[in-house]
Amino acid sequence: MGLMLRSDHLGVTSVIRDLSLRAQCYESLIHFFRSSAWSLESLRMTWLQIVKRTAPLSYVNGMVVLIGDGMKQAKEARRMPGVKKLHQESENSSKAQYIFGHLFGAIGILMGMPQKWFCLPLFMNLQDGVKTIFGWSSPSERQDSHVVQMMDQGFAAAKAFGKALLLLDRYFLSVPALKLLNEWNATGTTRMHIVTKAKSNAVAYEHPSATKKGRGRPRKKGAEVKRKSLFQSRADAFQTAQVTIYGKDETVQYLCLDLLWGQGLYQELRFVLVQHSDQLSILVSTDLTLEATDIIRLYGYRFKIECTFREMKQVIGGFSYHFWRKSMPKMKRYRKKGESHPVEQVIDDKQRTHIRQTVKAIEGYVMCSCIAMGLLQLIAVRYSSRVPGLFFRYLRTPSKAVVSEATEMAYLRTSIFRLFARNPQLSITKIIQSKQETPEIEVDLLAS
C-alpha cells in the first residue's frame, strides 16, 4: 500500500510518511526486506497465481502473451552488491555510454482490453554482477548468461499459466537461447514459443535438397539466404495487409518464409520481412503455425514492457532502494583488466550471509514494487469505468477508457484514508491503523 501511494521516491522513509506510520516502524521495515521469515520464490509464485486468477489476460492460439527484457538502473553506492560497469546501447544523447548500476531481467504478461493493454510485471531479478555472491551457496545458481536466464524466467512463468508466447528484443535471438528453449519444451511440462526480431545482417538457409547425391551424411542446410537482400530480390512476392501496430491500423507489406537458422543448430523458424513506410524489419517466430499478420501485431506489443519500466521508475519509484552493507568491500571503479573483484576476497561466512541478505533485500524491494505496479494496473482496468472519481484531475490528453497508473496513484494518495475509514473491517485497514502515530489530540483526550 505504501508503494502504491507514496508521494516521493526516497526509499523506505516515504512509505513511513505517506501511511503516517510510527517512526519505530522504519527499523522493522528495513529488517523485513532482509528477513529469512519469507521466501522471495514463494512470493513470486503467489503473485503469479493471483494474476492468473484475476487479470484479464490476452491469449493467442490458446497461449498467454509474455514479454521479457532487461533493464539497467544506475547506482553509485560503493558498498552495494551487484553494482558493475554496464554499457548502454541507446540513440538518446542524454544517456551515458557507460554507467555503474544493476542489470535486471524482467518478465511481464500482456493484460487489459483492446482499448488499452498493459504489461503487468510478474517478477524481476538481478542477472549480472552477482555471480560470485550466489556461487557461495550454490555453484550453479545465477551462473548463466543474461540471455539464458531470461529464457529460464520465461519458462518459469509459462509453467504457471500453461502455454505461452514470449516476446523478446532482437538481442535475445541466439543459438544458446533456442537450444535451452528446445530442452525445456522437450520436458513436456508446458510449451513456450518466442517472437523476436532478427538483425538485418543475419544469414539463414534454405532447406536441403531431398535427393542426396554421393556418399556421406545428409546435408543439414541448403543454400545461404541473406535476408536483407530479399527486400529487393523478392519485392514482387510481398503481400499487403492492414495490421494494428501501437494501437493504430497501419498498412504494411510483408513476406513470410520458413528458413533454417543458427550455426550448427539449423532450426526451422518463421521469418516475416516487414516493410512499413520507410522502415524495414525482420521478425522471427519459433511457432510455425502463427500467421504473419499475428507476428507483426504481437511484436508491436513488446514495447509495452518499456512503458512499464518507465512507470516503475518515474511513478512507483521501484528502483529507489538504498540497501548496502558495511561488510561489502568497496567497489573499484577503475579495476585493471584481469584484476579480481573485491567481493571475491570475502571469506568470512558471517560477512557472506550479510551480503546475500542485502541482495535479497534489493530483489525483494523490486518484487514488491512489481506487485504494487500490477495492482495499480488491475485496479485501472477493472474500475476505470465504474469510478468517475478516477477522472478527477486535469490532463491535456485524458484517457477515454482506462486511466494510467499515475492517475490511479494520485487518486489513491488523496482518498486512501477515506477508503480506510469506510472499510474499518478490512484486515489491511486494521494492520495499518495499528502501526500509525496516535494524533496528539487523541493523546490529550485520553489524558483528560
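Only the coordinates and a few stated rules stand behind these numbers; no lab work does. Note that the structure is a prediction, hence the values are computed from the model and not measured. Here the Cβ is made from the backbone with ideal geometry for all residues, glycine too, and neighbour counts use every protein chain on show.
Just a few scattered comments:
- Applying the Karplus relation 6.51 cos²θ - 1.76 cosθ + 1.60 with θ = phi - 60° to segment 404-411 yields 3J(HN,Hα) values of 7, 5, 5, 5, 4, 5, 5, 5 Hz, where x marks Gly and Pro.
- Given the alternatives [x] 1.02; [y] 1.09; [z] 1.27, Rg/Rh (Cα atoms, Kirkwood Rh) as computed for this entry is given by [x].
- The loop-placed trypsin sites (Lys or Arg not before Pro) in segment 198-303, going by DSSP, that have at most 10 neighbouring Cβ atoms within 10 Å of their Cβ come out as Lys213, Arg215.
- Global form of segment 250-409, assessed from the alpha-carbon gyration tensor, a/c cut-off 1.5: oblate
- Sorting Cys370, Cys307, Cys256 by the number of Cβ atoms found within 10 Å of their own Cβ, with the fewest placed first, yields Cys307, Cys256, Cys370.
- Top positive-direction residue, dipole computed over segment 41-85 with Cβ charges, set Leu48, Leu66, Met80: Met80
- Part-to-part distance (alpha-carbon centres) for segment 30-69 and segment 177-218, which is given in Å: 31
- Per-residue [θ]222 nm for the chain (sum of -39500 (n - 2.57) over DSSP H runs n ≥ 4, rounded to 500): -11000 deg cm²/dmol
- Translational diffusion of segment 193-303, µm² s⁻¹ [Kirkwood Rh, Cα pairs; Stokes-Einstein; 10 °C; 1.306 mPa s]: 106
- Qualifying chymotrypsin sites (Phe, Trp or Tyr not before Pro) in segment 20-70, DSSP loop, other Cβ atoms within 10 Å at most 12: Trp38
- Cβ-defined net charge surrounding Val147, 13 Å radius [Lys, Arg +1; Asp, Glu -1]: -3
- Positive-end residue of Pro342, Asn423, Met312, charge dipole of the chain with Cβ unit charges: Pro342
- Charge context of Ser327, other residues only, Cβ under 10 angstrom, K/R +1, D/E -1: +4
- Gaussian network model of the chain, Cα within-10 Å springs - most flexible of Tyr171, Tyr334, Tyr246: Tyr334
- Lys, Arg +1 and Asp, Glu -1 on Cβ, resulting dipole of segment 223-379 about Cα centre, debye, nearest 20: 1300
- Taking all Cα pairs closer than 8 Å and separated by 6 or more residues, the relative contact order of the chain comes to 18 percent.
- Computed magnitude of the charge dipole of the chain (debye, nearest 20; Cβ of K, R +1, Cβ of D, E -1): 1000
- Remark: segment 38-133 is approximated by an ellipsoid whose semi-axes, taken from the C-alpha gyration tensor as √(5λ), come to 31, 19, 10 Å, largest first.
- Sequence-distant residues sharing a close amide H with Val225 (under 5 Å, placed H): Ala204, Tyr205, Glu206
- Structure remark: mean-square fluctuation, Gaussian network model of the chain, C-alpha springs under 10 Å; the largest value among Asp69, Asp294, Asp249 belongs to Asp249.
- Filter on Lys84/Lys179; Lys159/Lys179; Lys179/Lys336; Lys72/Lys163; Lys163/Lys360; Lys179/Lys199 - keep pairs with C-alpha separation over 24 Å: Lys84/Lys179; Lys179/Lys336; Lys72/Lys163; Lys163/Lys360
- Farthest toward positive dipole pole in the chain [+1 Lys/Arg, -1 Asp/Glu at C-beta], among Cys25, Leu255, Ser404: Leu255
- FRET efficiency estimate (nearest 0.05) - Cβ-Cβ, Arg382 to Gln351, R0 56 angstrom: 0.75
- Label-point separation in nm, Thr397 to Ala23, each point 7 Å along Cα→Cβ: 4.6
- Taking the chain as a Gaussian network of alpha-carbon nodes connected by springs under 10 Å, the highest mean-square fluctuation of the residues Lys52, Lys84, Lys163 belongs to Lys52.
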